[in-house]
Structures are given as structure tokens and as C-alpha cells.
Ligand SMILES: Cc1ncc(C[n+]2csc(CCOP(=O)(O)OP(=O)(O)O)c2C)c(N)n1
Ligand SMILES: CC(=O)[C@@H](O)[C@H](O)COP(=O)(O)O
Ligand SMILES: [Mg+2]
């Protein structure tokens with residue numbers, strides 16, 4: 001899109017153009033960049049607040065560093081819109097997150113400036129350290145490596161594993177800690193408080209001033225003096241500090257905190273830091289949503305607001321809410337509170353997604369029984385395991401894709417000890433515009449591989465509610481997983497009295513003679529639509545919603561294999577090892593023969609697009625089911 005108001009942005013086809021500009025021009029670049037992001041994201045939804053908060057940092061980094069030779073690694077990548085716009089993707093930015101458009105996250109095959117593919121948090125320091133070590137091995141000693149990580153991502157254990165390794169390695173690496181005191185929701189735990197304390201500490205600020213002023217004067221010194229001061233800077237800091245610095249303890253040189261919106265200071269600091277060897281951390285303080293008052297005031301909502309009116313800040317609700325069907329996450333959130341009111345053993349755990357999964361409802365109502373543990377999926381699972389050993393019933397809600405982080409904890413800490421933890425996997429299936437890093441398509445396969453685990457997926461809101469009710473009953477004494485999709489369901493009247501669901505019991509939703517369609521989860525809705533159309537084509541299809549992938553309803557499957565020659569399975573998860581595989585294994589074990597077709601997510605990564613577009617690509621929408629049945633039956 002060419003816009004008259006992008007006078008300066010127009011001239012920046014790549015960071016090399018930016019670097020030709022006079023320093024005085026940079027604040028204009030920031031203004032235009034900010035406006036561009038707001039304009040575009042208001043019309044084409046995506047992540048907003050994080051990118052607005054790092055506009056100055058983004059400009060300063062590409063100005064000071066020789067990208068793409070120097071390597072910038074963004075953590076999570078939801079803050080990289082400015083980076084994309086400055087690195088040759090401005091004209092394509094209107095395709096952000098759309099099918100065949102650019103990705104909402106840095107992606108290696110999209111641009112040479114995207115050094116590392118991201119989406120999940122807390123990976124940047126590890127990846128950057130790998131790059132720094134590689135640069136050393138390849139004798140590229142002039143290459144600079146910078147990781148940008150948020151205060152939220154810093155709560156992830158992996159970031160600390162990386163600091164530990166990087167400090168010891170003495171590699172030349174700069175970590176920029178972008179501290180806005182927010183994750184999606186307010187950041188939790190002591191790290192946020194610690195960073196706040198440093199920012200306010202008089203001692204630190206004095207040290208900072210002394211060190212920066214010392215460095216500022218270095219230009220005037222000869223090389224020897226410069227080296228001496230740099231070498232002794234660490235000692236100088238230690239001498240002045242009356243308190244320990246966490247990052248210094250990891251053998252990083254700590255600089256900051258500095259105002260991350262002060263462009264001049266930021267560029268100066270980055271330039272200075274280029275000359276300082278070894279692992280170093282620059283702590284910058286920014287405001288999430290900077291420059292758009294609505295986003296500054298309501299940082300959680302404007303993390304990824306959906307469509308909004310850029311003039312009034314009004315967030316326009318999604319279509320399904322207009323139709324009054326609830327989001328699955330809200331069914332979870334409301335039901336959890338209802339159950340917890342009845343069963344005092346229930347607690348809720350979320351790793352930094354209270355608003356995303358609607359556990360904020362329980363956090364508000366029962367703050368002592370709901371825990372936001374930070375971006376710490378592994379900890380969330382083992383913490384739940386610990387609670388379960390003491391007779392507490394934890395509802396541990398983790399997005400399907402982020403649960404991948406905690407697989408060993410699931411196996412080793414929960415399942416081997418057969419602990420009664422209820423896993424609620426939100427965003428199961430194809431999530432849409434966030435793309436391959438976020439699709440929750442592996443959980444059916446990875447959950448069913450784990451002994452002791454009950455694996456279930458509701459087709460609609462009432463089923464979710466009843467599965468949650470069933471999962472917390474005293475008679476359950478093993479781990480229980482319930483996965484459900486992103487977005488809205490179909491039932492306005494979902495809040496029915498609780499009903500227990502028999503474990504491993506499927507349900508037949510429609511009768512038919514020619515073919516049996518077996519579904520799990522939301523794909524049952526697609527099947528119901530397909531069955532109506534198949535009827536019009538004189539194909540009579542029965543529909544079975546299995547509800548459980550493990551244990552499978554073997555009685556129901558016996559009946560199905562005895563009655564039907566044509567059987568179709570449908571799931572919104574990977575076909576390798578998922579629900580269809582379970583049905584095929586059953587068939588082989590029992591010695592049945594039938595034409596079985598497995599529909600699901602094929603064995604490749606599915607890109608971003610709307611969920612409906614992606615269902616079509618995978619052949620698991622209404623049309624895909626119809627086509628598969630017709631083909632199977634030779635019609
Ligand atoms: C492993 C993992 N868990 C959860 C998320 C969801 N998530 C995306 S951004 C975010 C908050 C990140 O906070 P921070 O790093 O401080 O960045 P900010 O948005 O404040 O710029 C969370 C929890 C994720 N991307 N990856
Ligand atoms: C970047 C990230 O991981 C989150 O912001 C994620 O995009 C949230 O997804 P939902 O919009 O489904 O909550
Ligand atoms: Mg933050």
C-alpha cells in the first residue's frame with residue numbers, strides 16, 4: 001500500500017536506507033512507523049501493543065547494527081511488526097497473517113532479516129547464543145548477535161538455562177531485556193517485581209550513570225585506557241553495588257535500566273555496547289501500546305485486539321459473539337468457577353494465559369485458589385502434580401501448542417505417578433491466523449501415547465461442561481485431558497445441569513446405512529453438516545461422536561466394524577498417530593476389514609489463514625468430508 005503520509009517510510013526499502021539517514025530523522029521514522037502499525041492492525045487484526053512498545057528499539061537496532069549480517073533474534077516475535085516493515089515488507093504488510101500473506105511472526109524463509117522462527121516464548125537467548133558460538137567457530141568475529149526478550153518471556157525457565165550457559169561461555173552476545181511490566185496480562189512472580197526494584201533503585205541508577213558516563217568519555221582515551229576501563233567496569237559496579245544483580249550473577253554485564261523510548265539515548269547505548277565484548281544485558285523500560293492511548297490504558301485487550309476503530313479505540317466483537325454462542329474458553333472459565341464453588345478441592349493453574357483461557361474469572365472470584373505461574377508450562381504441570389499428591393484437584397489449563405513444552409512433566413511427573421490432574425487444552429486444532437507455531441494439532445497424538453491418560457475432546461459447549469464435571473469427580477483417580485478449540489461454539493443454551501459422562505463412552509448422533517462417520521471434537525459439527533448434504537445425494541451416513549480417544553469406546557467400534565464397509569474418521573489434529581490411527585489400530589487388533597479413510601491434518605506444517613480456509617486445505621470441512629465419502633464409495 002502506498003500512502004501519502006509515509007514520506008519517510010517510503011524511502012526505507014531496507015535497513016541500509018535507514019542507516020543512510022541523519023540521526024535527527026529517526027524520530028520521524030518512529031512516528032510514521034507507529035502510525036503505520038496502528039492503521040494496519042486496526043483494519044487487519046494482529047498483535048498490537050508489543051510492536052508499538054518497541055518502535056524506538058526497532059529503529060535503533062537497525063540503525064546501529066549492520067543487519068542482516070549482524071543477527072537480531074526476537075523472542076516470541078509478536079513485537080516484530082516494525083522490524084518487518086523496515087526490512088522490505090511494508091508493502092506486503094496488509095497481508096499480515098492472511099492466507100498466503102506474510103506471517104505474524106519472524107520466519108526464516110520469509111526474510112533474511114528473520115534470523116530465527118518464533119511464536120513460542122523464551123527461546124531467543126538460546127538461539128542467539130547458538131549463533132554467537134557459530135560466529136566464533138566460523139571466524140566471523142566482527143558479527144554481532146542481539147537477542148530481544150520481554151519481561152514476560154524472561155519468566156520462562158529456558159531463558160535462565162540460556163543465561164547460565166551464555167554467562168559461562170563468555171560469548172559476545174547482547175541480550176536486550178524489554179521491560180514493560182506486562183506479559184499479556186500483568187506479569188506475575190518475583191522477576192517483574194525485581195526488575196521494577198532495579199528500575200527504581202538509587203544505587204543502580206548511580207552505578208548506571210557512572211558507567212555510562214565513563215563509557216561516554218572512552219572515545220577520548222587511547223586504546224589501552226579504554227580496555228582498562230572496560231575491564232574494570234565490572235569491578236567498579238561490584239564496588240558500588242550494595243545489592244546483588246541477578247544478571248551479573250550469571251556473569252553478564254548488566255546495563256540499565258534506560259528509557260526505551262528515548263531514541264537518542266538508546267542509539268548511543270547500543271553503539272557503546274557494540275564495543276564491549278562478552279555476554280551483556282541491556283535493560284530497557286518501555287510502555288506496551290506506546291503512542292496509542294487506548295492500548296496504553298488497556299494493555300491486555302490491546303495485546304491482540306482483533307478489529308478496532310483506531311479513532312475511538314472501540315474493539316469490534318467477532319461474528320460468533322454477535323450470534324451469542326459463547327467462546328469455548330468462556331465455557332471453561334465459567335464452568336470452572338461453578339465447579340470450584342461446589343468442590344473445594346479444585347484449584348486453577350494457568351501459565352500466563354489467564355485472559356486467553358478465561359481463568360481470570362476464577363482469579364477474580366477465588367484469588368487464593370487460582371494461580372498464574374508466569375510463562376512456565378513445565379512448572380505449571382509439575383506444580384499441578386505436587387498439588388495432586390495432596391488430594392487437591394488441579395485444573396491445569398494450557399494452550400495445546402504450549403503444552404508441547406511440558407511433555408516430560410506430563411509423562412514423568414503426572415502420568416507415571418497416575419496423579420489426578422485435569423488438563424484443559426485450549427486452542428486444540430487449527431487456530432487460524434497465528435499459524436504453524438500455534439496450531440494445536442499434535443495433542444491428540446501426544447496425549448494418547450501416554451499411559452494412564454484419559455484423552456477426551458468435546459464436540460460442543462455442553463459436552464465441554466460435562467467433561468469438566470466428570471473429570472473432577474472423586475471416582476477419577478488418574479490424569480484426565482480435555483481439549484477444545486479456539487473461538488466460539490454453536491450452542492447459545494449451553495449452561496445445562498451437569499451430567500456425568502461415562503469414561504470411554506461415545507455417542508451416536510445420527511443413523512445411516514451406507515457409511516459411518518466417526519468424529520472427535522469440533523469436527524463433529526462439520527460432519528453433521530456434511531451428512532445433510534450427503535442425504536441429498538442419496539448417501540445415508542451414520543454419525544458417531546466418540547468423545548474419547550482413550551479409552552476408545554470399543555463396544556461402539558465393534559458395532560461399527562460389524563455393520564459398515566465404509567468408515568471415515570475425522571479429526572482436527574495430525575493424522576499420524578491421532579484419532580484415526582487409534583481406530584486403525586483397533587481394526588488391526590480385532591482383525592476387522594473395512595475401507596477406512598482417515599481425515600485430519602496432513603503430515604506437514606499448515607500455514608496461517610482463517611480457520612475455515614485451513615479446514616478446507618486439510619479437507620476436514622463439510623466439503624472435504626463429502627468429497628472423501630463420495631470418493632471412498634466410488635461416486
Ligand atoms: C511458551 C509460550 N507460552 C505462552 C505464550 C503466549 N504469549 C505470547 S506473548 C506473551 C507475553 C509475553 O510477554 P513479554 O515477553 O513481556 O512481551 P510483551 O508482550 O510484554 O512485549 C505470552 C504469554 C507463548 N507465546 N509461548
Ligand atoms: C503471541 C502469542 O503467543 C499469543 O499472543 C497468542 O497469539 C494468543 O493467541 P489467542 O489469540 O488465541 O489467545
Ligand atoms: Mg512484557
Checked 83, 78, 94 against criteria (more than 16 Å from residue 266 (Cβ to Cβ) and within 16 Å of ligand 2 (Cβ to nearest atom)); the one match is 78
Reported set for segment 164-187 where residues are surrounded by fewer than 24 Cβ atoms within 10 Å (Cβ to Cβ) and away from ligand 2 (no atom under 16 Å from the Cβ) is 164, 165, 167, 168, 169, 170, 171, 172, 181
Exactly one of 265, 254 is within 17 Å of residue 173 (Cβ to Cβ) and either at pLDDT below 95 or in contact with a strand residue (DSSP E or B) (Cβ under 8 Å, 6 or more places away or on another chain) (or both), and that one is 254
Those residues of segment 457-505 which are farther than 19 Å from residue 348 by Cα, in contact with a helix residue (DSSP H, G or I) (Cβ under 7 Å, 6 or more places away or on another chain) and not in a loop (DSSP other than H, G, I, E, B) amount to 461, 488
Considering only strands (runs of 3 or more DSSP E) wholly within segment 506-601, the ones with at least 1 residues that are in contact with a helix residue (DSSP H, G or I) (Cβ under 9 Å, 6 or more places away or on another chain), surrounded by 20 or more Cβ atoms within 10 Å (Cβ to Cβ) and touching a residue at least 40 places away in the same chain (Cβ under 8 Å) are 515-519, 541-545, 548-550, 566-574, 595-601
| said: Criterion first (assigned to a loop (DSSP other than H, G, I, E, B), in contact (Cβ under 8 Å) with a residue 40 or more places away in the chain, more than 16 Å from ligand 1 (Cβ to nearest atom) and surrounded by fewer than 24 Cβ atoms within 10 Å (Cβ to Cβ)) does residue 432 satisfy it? | reply: no
Taking segment 397-443 and keeping only residues that are within 15 Å of ligand 2 (Cβ to nearest atom) and farther than 26 Å from residue 602 by Cα, one is left with 397
Inside segment 292-314, the number of residues satisfying the requirement of being buried (at least 17 other Cβ atoms within 10 Å of the Cβ) and either outside any loop (DSSP other than H, G, I, E, B) or within 16 Å of ligand 3 (Cβ to nearest atom) (or both) is 9
Residues of segment 442-456 being assigned to a loop (DSSP other than H, G, I, E, B) and in contact with a helix residue (DSSP H, G or I) (Cβ under 7 Å, 6 or more places away or on another chain), in sequence order, are 442, 450, 451, 452, 453
Heads up, the helices (runs of 4 or more DSSP H) in segment 89-202 (entirely inside) with at least 2 residues that are modelled with pLDDT under 95 and within 11 Å of ligand 1 (Cβ to nearest atom) are 190-200
### Message
Please verify whether residue 41 is closer than 30 Å to residue 185 by Cα, in a loop (DSSP other than H, G, I, E, B) and in contact with a strand residue (DSSP E or B) (Cβ under 9 Å, 6 or more places away or on another chain), treating the condition exactly as stated.
### Response
no
Residues of segment 348-360 being more than 16 Å from ligand 3 (Cβ to nearest atom) and buried (at least 22 other Cβ atoms within 10 Å of the Cβ), in sequence order, are 348, 349, 350, 357, 358, 359
Exercise for review: Evaluate segment 58-69: report whether one residue or more is within 16 Å of ligand 3 (Cβ to nearest atom) and within 19 Å of residue 11 (Cβ to Cβ).
Suggested key: yes
Residue 68 being within 16 Å of ligand 1 (Cβ to nearest atom), surrounded by fewer than 24 Cβ atoms within 10 Å (Cβ to Cβ) and not in a helix (DSSP H, G or I): no
Of those in segment 33-57 that are more than 24 Å from the chain's Cα centre (by Cα) and surrounded by 24 or more Cβ atoms within 10 Å (Cβ to Cβ), the residue nearest to ligand 3 (Cβ to nearest atom) is 56
Open item on the list: Please verify whether residue 208 is at pLDDT below 95 and either in contact with a strand residue (DSSP E or B) (Cβ under 7 Å, 6 or more places away or on another chain) or crowded, with 23+ Cβ neighbours inside 10 Å (or both), treating the condition exactly as stated.
Closed with: yes
Would you confirm whether any residue within segment 79-87 is surrounded by fewer than 22 Cβ atoms within 10 Å (Cβ to Cβ), more than 16 Å from ligand 3 (Cβ to nearest atom) and at pLDDT 95 or above? no
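The values are calculated or read from the model by the stated rules, or taken from the named source; none is laboratory data. Bear in mind that the values here come from a model prediction, so they are computed numbers and not experimental data. Neighbour counts run over all protein chains shown; Cβ positions are idealised from the backbone, glycine included.
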